[in-house]
Structure formats: structure tokens, C-alpha cells
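These notes are about the structure you will find just below.
The values are calculated or read from the model by the stated rules, or taken from the named source; none is laboratory data. Please read these numbers as outputs of a predicted model, since none were measured by experiment. Cβ: placed from backbone, ideal geometry, glycine included. Neighbour counts: every protein chain shown.
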């Protein structure tokens, strides 16, 4: 739509993938009940449960920021705090949404290489004494794929959630890029056994027009959840618009297959990359060390990518990334 | 999708109209920048400005509840209150969203026939003395088409907004069904001169998959508005998904034409209606007096409609309502 | 301190009573730990438990508005609502504090004569169907002495709380004037058996300089309650300042005795009152029918009293009201 | 009141000083109007204005945490952030109160030695680009005396506030220990010219039972400020209880004189201190390097002091600290 190239700026610069769009169109006709009570939404929820091989309550939201923030607000009270990696999306890229939805709830940032929480850091934070003048930890948030494009193993997640559960704290799992994790080998059916209370599964980055699935493994949290969603502007009247794409994504296998393509494109890009790669390329992102002059030069050639919070430059691939684009970028980078 | 008939349950039980859906598909290809900074969104905003013949800032949100609540939170502080009709959507059907987005801001319900604020009631509320133990009025919210399907004239709106402006109070205009008002003769280009600070224009009820336009006539309110939207989960990464339908709706004239059809269907239904009609049929709704037995009988025939807050039963028409459906409903009602 | 007479304007226009002030002074010396962990506060909490003959957690707050609002926020989530008399203090005189502390939580006003909730109204509200677009009832708030100076019997309270408990809903009890109720015959030791989860006992109106006791009968609510109080600005560093007056009030019996005096003064005033009395004089308030001219005339004589939300004019007595003042007021009223 | 010694644990472990208590008692008689509209409160506000030699609106609050949090909420919107020293009280010791009162507003922590903001750090933060996914800086908070007991000069404050004002950002000044700063040479009358919008003056640490003065230099912020205070539980009915102590503190000069004593005690303690002092002793605090064993030994002797956020151990002096206590502590430390 412009000569500027946003192909690698993020995995949300592409539109919807065909399977998602076709499902949206296929379920557009006729009349249904509103606010997520419709049969299309029920079918999409079934598809999510089948993906997870789990009995759980499922809702669809139009925004990943809202999905994460609602989860935080469900698990943590205002005078408590969510534990998360210091560079987790909820800590750095959501304009304080957890605090807004959670009425000032706190975030405690934990350190760890390449976006993965160091278990020792978590253990230490969990040992902190409760005092009235600080927001004490009350829940844990884990993100997989991490912000740095790395993938936790099931065992690594279990180690973290196990520590939280040992203290009786609930767990939020931010799976905005869960499809990329699954495509890379993370067993999606293991999630139900990891002590996760609320799981957010990314649809938008996986090819939906605009949708995230919120999975309530702990069904006691579901009471009046629709009222909660309505109040925060996340219970769309035409619920099928955000649920139907999931039917297309999941029934065709596109949710994983498209993510596998994105991961493969990142591998291809990594292979061509003339700059030092600073985080393991486990999924659809390549982070490199690149000085400001070089970045400006790349921008000048029309390729938009962002310098990240750790100082590295991020290249993202998506379901829509083409081999030709990777090669063209590779040339631009090497020139 | 089911033998149950939701045709008249609401004007959001239909899917998206062809013009909206085609525009969504037409703008789906390629890569764009995210979070509403893309060229598709810019074009859609231009189309809204052209509709209004006004220079104003325009944003697109996925939720009407959020759009109204963000407007309230922008205009009213927590220790103040929004004046609105006692049966306005923000007062009765949004699960307290204004209070959530506005951190406890108050709502002062005003009386008036058929959903229209009685100017004398408004004048009286505006005269109330400021006291520290009450949330004083700080802004006015007007809805057109009203919750009871009636239409304010431009002059009637001006009378209300003029009273508010006389006190220096800003105005929110809930236009969830503005298309129906415009199709019924309300001059959309008059809006810019009515003292409105924030206007919400309904897309969803007009045929979009899921989108409302927020128009900031008072541009001083726009500062950091994108951050405000991001924080509340209303700045979608794939912004074009909710902006592109507007291009289709407005460039083809469907926004008004489809609403005119809905209005005509309501007229047709009113003509066939065997029950007493209790509010003027100015737009796409017919409200009737109908006892509980009759309502249950109608439900038993598969036709879902709702008893409203004033005790009457509401039948809504939409862009998708067919003449055949109106006739079938008419038969069911008369049987 | 001025020729204007505020004696009857409220029961908070007097200062602190001697017993409260002496206790404050008596416990002022030396150094103690802070934030309510001190021995003075522990002793005051013991005195409250002894008053109630109950094992419960007790905290002291500087503000009755905050005490009620914290209770609401503890019992009700933002997308839910507190049931209360439509003229309860939390509904009419706290500037929306429950919504602020409770992030937009709703208030559902119930009708009932002279400030007492009609059990049939409550039963009806409790039967309302949960819907996603409304804030459903989640807790009950009862006030005794009511806003209209009337006193519920223990049985009448039990009837209300029993209805709420039948639905599994918790109960808040606003006892800003509990001392006046107890002085009038309400058995304070019965409170522990009435299904109350959070009780607020008024100290300020009873003669403390500035203090309310919050009693958590449901101790599961106490977890991190000090952090909750600290966050809302209600965990004073010098905790003994607001706890020590309770030692004086309770150990001397002044809490009840001073309230009995206030009640007696109201009886005396009622006997002298030339205007029709519109609510039973069960405690320290006299509400009368009085037109605006007469009220202005009284104001012109220097006697400040307020027209209340039901249109009547309120005269309040307190621990400090003198017989001479009642007589002087009586003369002014009859003149 | 116990053999445990809290003398040096904080400057709020003492009770009220005689001048404050006597004023409270002196103004306790008679009846006044409520909610801060009384003549005692007016007189106290005049005394604060005289102290500052400034025309400004003055309010009295019962809590320093609330005073700071209300200031933040007045100056910063939820999607914006307050700039402050990373160890400022609002960032570390108020249980997230700014986020609660400010509906999720952010805090951006700035570095700087001994609690003083490094101007280069501030300048850098002020240069940050506004982006929609972060809470951008919107105001500055400066604390004097700092959390580490150091004193900014007037010029040093001006340098910081000047940077903020250069961007058009308002300034909050946390003067919980302003008396100690003034006693140490900070010109209190210079405050009015430093670009401060909201000033909080500590009364509690200076000897009041429980009171902070909030000074609105920018009077445009005062509109409906009493309603704001009422909503947050900081507009006590018996306003004189928290205002009258200021009359005593300021008319007698005790506010400064008592702080001068506290400062002198800290000097005396510093002179006796066998541990390395890690921050300049500019006011009433002495911070030392002390390992955990030594700290435990001190605790075992009954002397309670706290390890601070920077790892050092803090000894606070107050208006009530005696020379004998300093000497006794000195002995315990050297033993």
C-alpha cells in the first residue's frame, strides 16, 4: 500500500490470513444472538478446547492488551503485584494497562536472559516478606514465546509455575505468540497441566484479523466474567466477528502451520544476517546488534524495524512474510 | 444458523453488510504500520471528516461501550458526574463502564419522554449547587437515535447542548445509531456546530463487522489520546481491520442507505403491528405494549425479542432485515 | 467560636468529648512502632472486641467515608453492585467514594420508609437475573441508625442480612451512629451473629476526634488488609492517634453514655418542636416538615440546619448538645 | 510503653509535640461547621500562607500517602507518568497509592546520589519521545528532605523544576520533612517561586498528631478540590482536628524549632556513630553501613531501626529524641 516496507516491523503489520478471513466470511450470514452467546462463538470455543485437549471456559477478546490486563485484574488486587519478566509486554508495551484495568495493581519486574525469567530471581521474589507499605507479589505472569523471540520448554515453564503454585499464587500465561511456540515444538496439550489459571492465546499475530482467546482453566474465575468483559469494552455485540476466525485457523491447522512458516522465515533471515544475532532464534524473531547509523541507513532504504528495549534491533516474520522479502531485506542489510 | 430467529432481537444480530466486508477484504493485503498509524486508517478518518464536513480528529474503536466510556472519562473527573437520560445506554446497558473507565465518575439520570432529555430537567440539574459530598454535573451526554428509537431534531439537540455550554460543560454525543437518524432526516453536517466535544458514530449497528468512530471536535482533547486508547485496550495493532469497513460504508453511501432500509423495515413492521405502539417510530425500532403471556408465546414460536427497561417490548430492524421476515413476524404476532 | 450556631447542624460539629481527648493525651508519650502495629492500637482493638463480645480483626481509620468505601471495595468487584437503601450515606453523601475505591462498582438503591430497607424490595432485587450488561447485586449494606434517625431492631437487621446470606452475598454494616442505636436498645453483642462480614463502628460522631473502627468478622478478608489501607491512605503512621480515643470511649462507657445523652436531647427537642415530625425519633435526630421561608428565618437567627434529601429539615443532637441549646433552639423555632 | 526502643525507628514513632496538642485542645470546644469550612481551618490555612509568604489554596489531610497520591492524580492522567527519584517515597513506600488514586498512572524512577534526582537523568527522561505504548512523563515530583536525609538547595530544586517547566510539565513537591529542610537552611519563602504546582507540607513528622498541609500554588487546580478530597476519604467532618495543630506549630515557631532539634540530634548521633556514614547528614537521619549480624545484635538489645532500600541502616531523630537516648544508643552501637 506504500513503498515503505513494514514486512519485518512486527508480526501484526500483515492483514488476516486466508483461512481466518474465509471463516469470518463463511459465518457472516444470518442472525445470531449477541454478546458471545451465539453458536459460532460456541463452536470456536470448542475448537480452542480441542486444541488444548482441556475442559476450560473460553472467551474471545478484540485486544491482546485488554486480554492480559483483564487477566491481571482477575488475579491480583490493587494493593498486590504481578510478577513478570522485567521486559514482558505487560511491563513495557501496554501503556500501563494492567494498572488501569487492575486499579493500580503493581508489576514486579524479574530479570533473566533473553526474556526468560531466571528461576532464582523468581524464588527470591517469592521469599520477600509481606509488608504493608509495598505491593506484595500475588501472581505470576509467564510469556511464551518471550519478547526476545525465545521459547521456554514445557519443563522450564513448569519450573516457574511450580514455584508460584508453591506459594499458592495463580498464574497468567501470555501466549500472544503461542502458535510460534507450538510450531517450534512446545506441546500445546501440556498447558492444562502447568498450573496456569488464565491463558491468553494470540490470534492476531497468528493470522486473525483481530482476536485473542482467553482460556480460564480455573473455572471458578468465570463467574460473572461476561459482565467483567462487557464493563471493560471487550464483549462485542457481534461476537462471531472475533470468534469465527478461530474456527478457520484451528480447523484447517493454519494456526500452527502459518506460525511454522513465520518461524522458518526467521531462520532464513538469520542465515542471511550480517549482524551479530543476540538472542536465540527460537521462533519468528531475529534480534541483532546494529548501531544507529546502520539502522538509519536501513530506514532510509524503506525498511522499517525497531530498536528494542535491550538496545538490539528486532526483525519480525509473520504468516505473510515471503521468501522474496527476506532475500530483499538480506540484500539491503548486506549492501 | 439455527431455527431460532434473532432478526428483531437487536440491530447487532446481523453480520457485516457487503460494502463493509468488501472494504475489509480489499484493504487486507500487504503490510502496514500498526496501531492506527496506517494509510488505510488515515483514509477512513478522511471519509468520516468528509461525512461531517468538519475538521476533527478521528479514531476507530472496536467497542461502542468502550467508545462511550472513554468519552466520559475524557470529559468528567472521578468526583464529577455525567448528565444523561436516565435510560441512556451508558446508564443502563454498559455494566457501569463509564465508572470503570472513569474511576468511579458518576452518572446523573435525567427524565424525559421516549428517551429524550426534557430540557427543563436538564436546566434544573445544571442549576444544582456544587457541594463537596456529591458528584456535581460536569458534562452532558446526548444520544440520537435514543434508546426508544426516537429522533431528536437538530434544534432539539442544540437546545440541550446550548444549556450545557452555557455552564461551560462539554458534551458527549452517543451516535450508535446516528446512521438511522441521518437516514431519517437529521443533518449530519450540522453536528460540527452543536457544541459537541466528543462524538461517537456507530459503525457496528450500521453494518460494520465491529467498529465505532470517535470524533474529537475539540482537538485539545486529542493530546496523548492514542496512549489513552492503548491503555484501555482500544488501539488495535491491525488498525485497518476496524477502519477499512468505514471506507466501504462511507464511500458507497451504504452507511446511510442501509440505515434507510432498516428504518423502512421498522415502518413496515409498525404498519403490521397488532400491539399498541408506545414510542414514535422515528428510526429502526418499534416498541409495543405486550403482556408477558404474549411475549412468551412469541418466544415459543422462535422469535426472540426483549422486554425493555420501560416495560415495553422492543423490535429492532437492521440493514439485514428482509421484507419476508417482517411479514413472517407480522403473521406470528397476529396469530 | 462564632455567633453562628452549628449545634444542631450535624453530630460532627462538636469537637472531641473529654474521655476521648484524655485518652489521646494519656497515650501520647513515648515511642511506639508505626502503622497500627503499636500496643495502644492493640489495646483499642481489644476494647472493640470486648464491646462486641466477638473474635474479629479490628482496624482504625481516620475517615468514615473511607471506611465504608474500603468495605464496599472489599466485598464487591467493579462489575458488580452493592445493595443499599437509596438514601444510604454511601449512595448520597460520599461523592461516589464507593465507586472510586471500588473502581466503578455499582450501587443499587432500595426503597423503604424512614431509611429502612423494605425487605420485599431487597428480596425482589436479589431475584434479579444476572445479565452481562448490568452490574448484578453482590453484597448488601445496612445502616443503623439510618440516615433518617430511625433504629432497626436486631430482628429487622437479621431479616435483611438473612436474605442476602441466602444468596451467599456478604454484608457491610454502616454503624456511623451505632452508639446511638446501642444507647437506644440495640444489642451490640448481637452483631456478631447477624451475618455481617464488615462492620464500621462510628467513633467520630460518638465523640472521638476522628476515628472509625472497621471490624472484620470474616477474618479471611483480613489478608493484606493493612496493605489495602496503606494504599488508600488509611494506615496512619502514628496509629495510636486514632486508636487511643477508643480506649477512653469504651473503657469509661462514654461511647454509649454520650450517645444516650444525644438521644435524650433529641427527645427533648422533639417535645418542644412546633413543626410536624416526619420520622420516628429513635436516636439523636429530629426530622421535620418545614417550608423554605421558615428555614430561612431560622438561618437568619444564626441556627444552621440542613434540608435533607427527602425534603424534610434535620436537627441533629450530639454528645455536646446542651439542654440550654435545645431550649434556645426551641424558642427560636416557636418565635 | 514497652522496653522496646522505637526512638530511632522513624520520625513518626513519637506522639504529638506539646504545641500541636495544646492547639488541638484549645480549639476543641464549641461547635463549628464541618468538612474544612470552619474558622479554625481557615486560620490554620492563613498560618500556612504566612509561612510560605504566598497566596495559595491550602487544605489539610490526615495522611501523607493520600496527600502525595492526590497530588499525583491531580497532575497526571492514567496513561501518563510521574517522574520521581527511583527511591522516592511515592515509588517505594506507599503501596502503589499513586496508581490507586490515579487509576493506574505510571511512575518513572530517576537515578541520583543520596536520593537527589540527577538533573542529567531528568533531562534525558524529558527528552523521551511520546509513544502510544508507554506512559509518557507528564509531571515531576521532588522530595526535600530526600529519603536519604539529604537536603536540596533552593538552586538545586530550581534546576529540576526548571527542566520540567521547560516542557510545560507541572511539579509536585513532597515536603514530608520540609520542616527539617527549613531548619537546615532551606528558604521556605522561596518555594512559591520554584514552579511548584502542588506542595505537600509534613505536619505529622514535624509534631502534629496526624496532618499534612496540601498547598495549591496553581489555584486553577482547586476547582472542586473539596469534592475530590471527600471522594477519597480525606475531607474529615471534624476538620479542625487536623487543622488546629498547625496553628500551634506555626504560631509558636515549633514547626521549625522542633525540626532543628531533630536535626541537632542527628548530628550528635553522627558524631558518636562507630559505623561508616553513607549519606550526608543534612537533616534528622543518619544512614550507615552495617552488616546483618550487627543489626541483629542491635535489635536484640531492643533498639529497632530499619535496613533501607539501598542496603544501609537508617537512624531517624525526631522532635522527641532526647540527648540521653542518643547517648544510650551510641553506647549500644559501640558495645
- Query: Is there a residue being surrounded by fewer than 22 Cβ atoms within 10 Å (Cβ to Cβ) and in a helix (DSSP H, G or I) anywhere in the stretch A:4-14?
  - Reply: no
- Among the candidates D:283, D:320, single out the residue that is more than 14 Å from chain C (Cβ to nearest Cβ), closer than 30 Å to residue D:47 by Cα, in contact (Cβ under 8 Å) with a residue 40 or more places away in the chain and not in a helix (DSSP H, G or I). D:283
- Of the residues in the stretch C:1-24 that are within 7 Å of chain D (Cβ to nearest Cβ) and more than 25 Å from the chain's Cα centre (by Cα), the one that is modelled with the highest pLDDT is C:2
- Task: Would you tally the residues in the stretch D:78-100 being in contact with a strand residue (DSSP E or B) (Cβ under 7 Å, 6 or more places away or on another chain), farther than 21 Å from residue D:282 by Cβ and not in a helix (DSSP H, G or I)?
- Result: 5
- Message: So for the stretch A:101-111 (the condition being within 12 Å of chain B (Cβ to nearest Cβ) and assigned to a helix (DSSP H, G or I)), does at least one residue qualify?
- Response: yes
- Message: One residue is enough: does the stretch A:124-138 have a residue meeting the conditions surrounded by fewer than 23 Cβ atoms within 10 Å (Cβ to Cβ), away from every other protein chain (no Cβ under 14 Å), more than 26 Å from residue D:98 (Cβ to Cβ) and in contact with a helix residue (DSSP H, G or I) (Cβ under 9 Å, 6 or more places away or on another chain)?
- Response: no
- Query: Given the residues B:30, B:96, which is the only one that is over 17 Å from residue C:105 (Cα atoms) and within 14 Å of chain A (Cβ to nearest Cβ)?
  - Reply: B:30
- Filtered residue count, the stretch A:297-317, keeping only those that are farther than 26 Å from residue A:181 by Cα, in a loop (DSSP other than H, G, I, E, B) and out of contact with any helix residue (DSSP H, G or I) (no Cβ under 7 Å at 6 or more places or on another chain): 1
- Spot the failing condition for residue B:38; the list is (1) facing chain A (nearest Cβ under 7 Å); (2) closer than 23 Å to residue A:322 by Cα, and only one is missed. (1)
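If the requirement is being surrounded by 15 or more Cβ atoms within 10 Å (Cβ to Cβ) and in contact with a strand residue (DSSP E or B) (Cβ under 8 Å, 6 or more places away or on another chain), which of these qualifies: C:265, C:273?
Exactly one of C:265, C:273 is surrounded by 15 or more Cβ atoms within 10 Å (Cβ to Cβ) and in contact with a strand residue (DSSP E or B) (Cβ under 8 Å, 6 or more places away or on another chain), namely C:273.
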- Item | Positions within the stretch A:113-132 being closer than 26 Å to residue B:231 by Cβ and not in a helix (DSSP H, G or I), in sequence order | A:117
- In the stretch A:41-79, anything surrounded by fewer than 21 Cβ atoms within 10 Å (Cβ to Cβ), within 11 Å of chain B (Cβ to nearest Cβ) and touching a helix residue (DSSP H, G or I) at 6+ places or on another chain (Cβ under 8 Å) is listed as A:43
- Of all residues in the stretch C:220-245, which are part of a helix (DSSP H, G or I) and closer than 18 Å to residue D:16 by Cα? C:240, C:241, C:242, C:243, C:244, C:245
- What about residue C:208, is it surrounded by 24 or more Cβ atoms within 10 Å (Cβ to Cβ) and touching a residue at least 24 places away in the same chain (Cβ under 8 Å)? yes
- Message: Among the residues in the stretch C:232-243, are any out of contact with any helix residue (DSSP H, G or I) (no Cβ under 7 Å at 6 or more places or on another chain), away from every other protein chain (no Cβ under 14 Å) and either without any contact (Cβ under 8 Å) to a residue 12 or more places away in the chain or surrounded by fewer than 24 Cβ atoms within 10 Å (Cβ to Cβ) (or both)?
- Response: no
